[in-house]
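For reference, the structure discussed in these notes is given below.
The values are calculated or read from the model by the stated rules, or taken from the named source; none is laboratory data. No experiment lies behind these values; they were computed from the predicted model shown. Here Cβ is always computed from backbone atoms with ideal geometry, including for glycine, and neighbour counts include all displayed protein chains. We work out accessible area using only protein heavy atoms, side chains counted, and drop any ligands, DNA or RNA first. Shrake-Rupley method; radii C 1.70, N 1.55, O 1.52, S 1.80 Å.
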Amino acid sequence: MSEVRPQGRPHAVWGDETDVVQLALDWTAKRMVRKTDPLSTARPAAELAAEVGDAIRPEGIGGAEALRIFDEILEPATRAQDDPLNLAYIAAAPTRAAVAFDLVTSAANIFGGLWESGAGAIFAENQALQWIIGLLDWPETAGGTFVSGGTSGNLSALMTARETAKTRRGGRPAGGWQLACTTNAHSSIQSAAKALDVDVVDVPIDDRGHMTGAALRAILEQSPNVFAVVASAGTTNEGLVDDLSDIADVCEEFGVWMHVDGAYGGAGLAAPSIRHLFDGIERADSFIVDPHKWLFAPYDCCALVYREPELARAVHSQHASYLDAIDRNEWNPSELALHLSRRVRGLPLWFSLATHGTDKYRDAIESSVTTAREVARAIDESDFLELVREPELSVLLFERKGWTGEQYSEWSKKAAHDGVILCVPTSWRGKSVLRLAFVNPDTETAQVMAALETLH
C-alpha cells in the first residue's frame, strides 16, 4: 500500500496528521481482507473501563495509542456481523468492495442533503435506487433517498402517508388517525406510531402468519380513520411475505396508502426463485429495504422509495431563511425523509453494484435461499431436531426435541462463547424455538449442520 504523503504545512491546530492517517489506513486494509473472529463478543463495561482507562484527556494520547486501544480492546469486544456462522437476528455480510468504498465515502466528506453540495454522489445514489425501483416494477419517475435504517425509513414513509391523507381528506379526522398492520410487523412500526401520535389497528394473521386482503378489508370497513397499511415483505422473526396483491386490491378500494416494509426480505426481489412471493408490490405507494442486511452493504443504509416522490417533498421539505437559496427543482434527498444533514450512505452500495454487477447480486441472494432450504431439509432428516417453519425466504425456525426455553438459552450462550455458532432462541406460537437467518453467501450448509450437532 502506498504511503500517504503530506501536502502543504501542518495544520495550525491539529498539526501534521499524516502519520495517524497512515496508521488508520493500514489497519483498515488488513481488517478488510482478514477472516472474522467468531469469538469476538460484548464484554462488561467495567472490564472495558479498566483496560481502556482515561483515553479522553486534555493533552490527548496520540494516534498510535488510540488505535492500539481500538485494535486490541474495543474492536474485539464487538460481534462479528459478517461471520459465516453469525445466523442470529439479521446480520450483515458486506462485500469488501462496499466496505472499502465506505472508507472513500467518509474521506470524501460529502454533504448529501442537497444537490448543490453533493450532486455527483447523489446522482450515483440515485442509480442504485433506480435498480431497486426496477426490481419493484415501478415507473422510472419513482424515487427516494437513503436513510440510516428501517426505523427512519418507516417513520418517514408513514409521515408522508399521514400528511397526504390529511390533505386528501381535508384535515385530521375526529378520533385521530390510525394505521393498520399485523403483530408480525417490525417493532419500528409501533415506534413510528408513537412518534406520529397515531393509533395502531391490529390486522389478524391467517394460519400461515400472513396478512390477507380479506382480513384487511374487515378491519378497514370498521376503521375509517386508517391512513396507511403496513405490509411486510420478509418479517424479521419468520421471514414471511404478506399477501401483497390482495392487500393492494383492498388499499385501492379504500383509498389507503400501502407501505411495504422490506427491510430484510426486500432483497429477495432480485432472486428469481422467490420473486413471485412479492407479486403486488408494484402497486405499493412506498417501500423500504436495508442494503446493510441482505444487499451486502455496510452499516448504516436503508433505501426509502416512493412511487410518487413529489408527495414526500410536500411533506419533508424544510423551509428557513438560510435554505431559501435551495434549487427545489433538483433532486434534494433532504426533502424526501425526516432529515436534513446526511452522509451519502448509498455510495458503498452503488460502488459494489457497479463493481460486481447485478447478476452477482442475484446469485449471492439465491445462494442464501438455497442454503436455507438445504439446512431445512437436513434438520427435517435429523433424529433429534425438528423443523417448525419452512423458510419462505431465508429464515427458518426449528427445535431440539424435548428441550425447554432455558436449555435453548444455555446452549445459545455457550455456542456463542465457544465461537461455534450465533443462533438465538425466539418465540413461535407460544413456545421457544431456535431461529437461523441466512444472508451471508459464505455460509455453508455443512458448517451449519456441524455446529448444530452440539445440540445432540
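Output the residues belonging to the stretch 412-446 that are part of a helix (DSSP H, G or I), farther than 21 Å from VAL388 by Cα and touching a residue at least 60 places away in the same chain (Cβ under 8 Å).
ALA416, HIS417
Out of the stretch 150-168, which residues are open to solvent by 20 Å² or more (accessible area, probe 1.4 Å) and of a type outside the set (Lys, Arg)?
If the condition is that a residue be open to solvent by 20 Å² or more (accessible area, probe 1.4 Å) and of a type outside the set (Lys, Arg), then THR151, SER152, LEU155, MET159, GLU163, THR167 are the ones that fit.
Go through (1) small (Gly, Ala, Ser); (2) assigned to a helix (DSSP H, G or I); (3) open to solvent by 10 Å² or more (accessible area, probe 1.4 Å) one by one and return the number of the condition GLY171 breaks.
(2)
Checking the structure you have, find out if any residue of the stretch 295-317 is modelled with pLDDT under 90 and at negative phi.
Checking the stretch 295-317: at least one residue is modelled with pLDDT under 90 and at negative phi.
A quick yes/no check of all residues on (1) open to solvent by 60 Å² or more (accessible area, probe 1.4 Å); (2) closer than 24 Å to ALA174 by Cα; (3) of a type in the set (S, T, N, Q):
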{"position": "VAL201", "(1), (2), (3)": "no, yes, no"}
{"position": "ASP206", "(1), (2), (3)": "no, no, no"}
{"position": "THR212", "(1), (2), (3)": "no, no, yes"}
{"position": "ILE219", "(1), (2), (3)": "no, yes, no"}
{"position": "ASN225", "(1), (2), (3)": "no, yes, yes"}
{"position": "VAL230", "(1), (2), (3)": "no, yes, no"}
{"position": "THR235", "(1), (2), (3)": "no, no, yes"}
{"position": "ASP242", "(1), (2), (3)": "no, no, no"}
{"position": "SER245", "(1), (2), (3)": "no, no, yes"}
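Exactly one of these conditions fails for PRO425: (1) open to solvent by less than 30 Å² (accessible area, probe 1.4 Å); (2) under 26 Å from the mean Cα position of the chain (by Cα). Give me its number.
(1)
Kindly provide the set of residues from the stretch 174-185 that are within 26 Å of VAL241 (Cα to Cα), in contact (Cβ under 8 Å) with a residue 40 or more places away in the chain and assigned to a loop (DSSP other than H, G, I, E, B), ordered by number.
TRP177, THR182, ASN184, ALA185
So which of ASP359, ASP327 is of a type in the set (Asp, Glu), out of contact with any Asp or Glu (no Cβ under 7 Å at 6 or more places or on another chain) and either open to solvent by 60 Å² or more (accessible area, probe 1.4 Å) or not in a helix (DSSP H, G or I) (or both)?
Of ASP359, ASP327, the one residue that is of a type in the set (Asp, Glu), out of contact with any Asp or Glu (no Cβ under 7 Å at 6 or more places or on another chain) and either open to solvent by 60 Å² or more (accessible area, probe 1.4 Å) or not in a helix (DSSP H, G or I) (or both) is ASP359.
Please determine, by comparing only the residues of the stretch 120-138 that are within 23 Å of TYR264 (Cβ to Cβ) and among the aromatic types (Phe, Trp, Tyr), which one is surrounded by the most Cβ atoms within 10 Å (Cβ to Cβ).
TRP138
So which of GLU330, GLU366, GLU386 ends up being farther than 30 Å from SER106 by Cα and either among the aromatic types (Phe, Trp, Tyr) or more than 20 Å from the chain's Cα centre (by Cα) (or both)?
Answer to the check: GLU386.
Given ALA93, ALA42, ALA80, which one is within 26 Å of LEU452 (Cβ to Cβ) and open to solvent by 60 Å² or more (accessible area, probe 1.4 Å)?
ALA42
Only one of (1) free of Cβ contacts under 8 Å to residues at least 12 places away in the same chain; (2) under 24 Å from the mean Cα position of the chain (by Cα); (3) outside any helix (DSSP H, G or I) fails for HIS319. Which number is that?
Of (1) free of Cβ contacts under 8 Å to residues at least 12 places away in the same chain; (2) under 24 Å from the mean Cα position of the chain (by Cα); (3) outside any helix (DSSP H, G or I), only one is false for HIS319: (2).
Checking ASP246 against (1) within 21 Å of LEU393 (Cα to Cα); (2) out of contact with any helix residue (DSSP H, G or I) (no Cβ under 8 Å at 6 or more places or on another chain); (3) in a helix (DSSP H, G or I); (4) charged (D, E, K, R): exactly one of these is not met. Which one?
Every listed condition holds for ASP246 apart from (2).
Would you check if ILE122 is assigned to a helix (DSSP H, G or I) and β-branched (Val, Ile, Thr)?
Taking the combined requirement at face value, the residue satisfies it.
Can you confirm whether the stretch 379-399 contains a residue that is open to solvent by less than 30 Å² (accessible area, probe 1.4 Å), part of a helix (DSSP H, G or I) and closer than 25 Å to TYR264 by Cα?
Yes, the stretch 379-399 contains at least one residue that is open to solvent by less than 30 Å² (accessible area, probe 1.4 Å), part of a helix (DSSP H, G or I) and closer than 25 Å to TYR264 by Cα.
Determine which member of the set TRP403, TRP350 is open to solvent by 50 Å² or more (accessible area, probe 1.4 Å) and in contact (Cβ under 8 Å) with a residue 60 or more places away in the chain.
Of the residues listed, the single one that is open to solvent by 50 Å² or more (accessible area, probe 1.4 Å) and in contact (Cβ under 8 Å) with a residue 60 or more places away in the chain is TRP350.
Go through (1) free of Cβ contacts under 8 Å to residues at least 12 places away in the same chain; (2) buried (at least 20 other Cβ atoms within 10 Å of the Cβ) for CYS302 and report which single condition fails.
(1) is the only condition that CYS302 fails.
Which of (1) in a helix (DSSP H, G or I); (2) open to solvent by 70 Å² or more (accessible area, probe 1.4 Å); (3) under 24 Å from SER232 (Cβ atoms); (4) aliphatic (A, V, I, L, M) does ALA314 not meet, given it meets every other one?
For ALA314, the exception is condition (3).
Take the residues in the stretch 103-119 that are open to solvent by less than 60 Å² (accessible area, probe 1.4 Å) and assigned to a helix (DSSP H, G or I), then tell me which one is nearest to ARG345 (Cα to Cα).
Only one residue fits best here, namely THR105.
Hey, GLU374 hits all of (1) of a type outside the set (Lys, Arg); (2) farther than 26 Å from THR183 by Cα; (3) open to solvent by less than 30 Å² (accessible area, probe 1.4 Å) but one; which does it fall short on?
In the conditions (1) of a type outside the set (Lys, Arg); (2) farther than 26 Å from THR183 by Cα; (3) open to solvent by less than 30 Å² (accessible area, probe 1.4 Å), GLU374 misses (3) alone.
Yes or no: GLY268 part of a loop (DSSP other than H, G, I, E, B), in contact (Cβ under 8 Å) with a residue 40 or more places away in the chain, open to solvent by less than 20 Å² (accessible area, probe 1.4 Å) and closer than 28 Å to GLY346 by Cβ?
So GLY268 fails the test.
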